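**Student:** The following block contains the structure, expressed as structure tokens.
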Amino acid sequence: MLKAGVFGAGHLGKIHLKLLQESSKYELVGFYDDNKELAAKVEQEFGYKSFNSPEELLALVDVIDVVTPTNAHFKVAKEVISAGKHLFIEKPITSTYAEAEELIALAKKHKVKGQVGHVERFNPAFRAIKDKIEQPMFIEAHRLAEFNPRGTDVPVVLDLMIHDIDVILSVVKSEVKDVYASGVSVISETPDIANARIQFENGCVANLTASRISLKNMRKARFFQRDAYISVDFLERNCEVVKMKDAPETPDDFAMILQNAEGIKKQIYFDNPKVEEHNAILDELETFADAINNDTTPIVSLEQGAEALRVANMVIDSFKK
């Protein structure tokens with residue numbers, strides 16, 4: 001079991017503390033939060049040990065889970081890596097791409113592993129369907145959320161859209177060519193609703209919409225590829241594959257057949273892959289433990305987290321243009 005500590009005991013930090021304590025792959029040592037009042041309350045209410053300084057906790061652990069506000073990520077992560085400890089850090093990896101690059105170089109220097117908390121990669125519905133996504137050429141994603149003051153310190157792109165950016169980058173094996181985007185600030189100082197069109201070198205186009213001022217929550221993505229349409233509902237945790245294959249000579253009575261202008265007939269097949277229920281946050285934490293113990297590359301590496309941030313910043317830069 002790896003000895004683990006948590007930096008940050010806010011809403012998400014408490015969830016991470018609970019899961020690390022339940023995990024069979026970690027021994028939770030405790031946490032540090034610079035809000036002494038909050039730290040005392042969390043310690044009293046849940047029984048997790050609160051440390052008076054980051055250095056005190058760092059000395060006792062193998063891994064630090066960073067769940068602080070984004071603007072503190074770089075400073076805290078730098079301290080963790082410099083102490084020779086493995087780093088799990090919530091998304092976005094840092095505030096700027098230059099900071100992310102510095103962390104990557106530092107992690108290589110100190111020979112420690114890092115993983116970024118892009119939790120949708122571990123969503124049961126996406127994991128059930130991921131292997132069926134092959135060379136998608138058009139992708140549409142909608143991530144809509146009801147207003148919550150938490151997270152409004154960053155643009156909606158870094159708060160919500162970056163989830164879909166990371167998912168898309170994981171399945172499109174091509175470089176980003178162009179980004180066209182628009183965003184509107186409705187209640188915050190930064191955009192609360194945004195749309196981005198991302199074009200890849202291989203011709204794939206992704207159309208992403210994110211909003212944090214919606215009346216209902218939605219987290220859906222659709223992938224279109226040759227002879228197939230794949231949909232994933234990250235919120236309801238279900239998925240569907242609609243495939244088209246050459247129609248047989250004598251299709252059965254209930255077969256759905258399409259015929260194009262050239263007379264070519266295709267049969268439509270529906271598939272709903274089984275979605276295994278599991279906790280996505282626990283999964284990302286435990287696969288990180290596996291990567292450390294087996295000396296393998298984490299599923300969402302620091303490099304991938306940095307690339308998602310780079311593309312997200314391209315979207316934000318497009319607003320300004």
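The values are calculated or read from the model by the stated rules, or taken from the named source; none is laboratory data. Being a predicted model, the structure only gives us computed values, none of them experimental. Here the Cβ is made from the backbone with ideal geometry for all residues, glycine too, and neighbour counts use every protein chain on show. Quick note on the areas: whole protein, heavy atoms, side chains included, nothing else; ligands and nucleic acids left out. Shrake-Rupley method; radii C 1.70, N 1.55, O 1.52, S 1.80 Å.
**Student:** Please list, ordered by residue number, the strands (runs of 3 or more DSSP E) wholly in region 146-249 having 1 or more residues that are buried (at least 19 other Cβ atoms within 10 Å of the Cβ) and either touching a helix residue (DSSP H, G or I) at 6+ places or on another chain (Cβ under 6 Å) or of a type in the set (Val, Ile, Thr) (or both).
**Tutor:** Qualifying strands (runs of 3 or more DSSP E): 176-184, 193-200, 205-211, 228-233, 238-246.
**Student:** State yes or no: is residue 283 within 16 Å of residue 125 (Cα to Cα), in a helix (DSSP H, G or I) and charged (D, E, K, R)?
**Tutor:** yes
**Student:** Here's a follow-up. Name the pairs: first residue in region 289-309 and closer than 26 Å to residue 27 by Cβ, second residue open to solvent by 10 Å² or more (accessible area, probe 1.4 Å) and of a type in the set (Val, Ile, Thr), Cβ to Cβ under 7 Å, at least 6 apart or on different chains?
**Tutor:** Taking only residues 6 or more apart or on different chains, the pairs are 291/297; 299/287; 302/104.
**Student:** Here's a follow-up. Residue check, residue 3 against (1) touching a Phe, Trp or Tyr at 6+ places or on another chain (Cβ under 8 Å); (2) farther than 27 Å from residue 294 by Cα; (3) among the basic types (Lys, Arg), all met but one. Which one?
**Tutor:** (2)
**Student:** Answer with yes or no whether residue 295 is closer than 28 Å to residue 104 by Cα, open to solvent by 70 Å² or more (accessible area, probe 1.4 Å) and among the acidic types (Asp, Glu).
**Tutor:** Against the criterion (closer than 28 Å to residue 104 by Cα, open to solvent by 70 Å² or more (accessible area, probe 1.4 Å) and among the acidic types (Asp, Glu)), residue 295 qualifies.
**Student:** Right, next: Would you please name the residue that is farthest from residue 203 (Cα to Cα), looking only at residues in region 90-113 that are open to solvent by 60 Å² or more (accessible area, probe 1.4 Å) and among the acidic types (Asp, Glu)?
**Tutor:** The qualifying residue farthest from residue 203 (Cα to Cα) is 102.
**Student:** Looking only at region 255-268, count how many residues are of a type outside the set (A, V, I, L, M, F, W, C), open to solvent by less than 100 Å² (accessible area, probe 1.4 Å) and not in a loop (DSSP other than H, G, I, E, B).
**Tutor:** Of the residues in that region, 2 qualify.
**Student:** Continuing with this model, one more query. If a residue has to be open to solvent by 30 Å² or more (accessible area, probe 1.4 Å) and within 30 Å of residue 227 (Cα to Cα) to count, how many in region 269-292 make the cut?
**Tutor:** 8
**Student:** Which members of region 187-201 meet the condition of being of a type in the set (D, E, K, R) and either within 23 Å of residue 177 (Cα to Cα) or touching a Gly at 6+ places or on another chain (Cβ under 7 Å) (or both)?
**Tutor:** Answer for region 187-201, where residues must be of a type in the set (D, E, K, R) and either within 23 Å of residue 177 (Cα to Cα) or touching a Gly at 6+ places or on another chain (Cβ under 7 Å) (or both): 197, 201.
**Student:** Something else: Within region 114-142, count every residue that is basic (Lys, Arg) and crowded, with 22+ Cβ neighbours inside 10 Å.
**Tutor:** 0
**Student:** Go through (1) within 18 Å of residue 113 (Cβ to Cβ); (2) open to solvent by less than 20 Å² (accessible area, probe 1.4 Å) one by one and return the number of the condition residue 57 breaks.
**Tutor:** (1)
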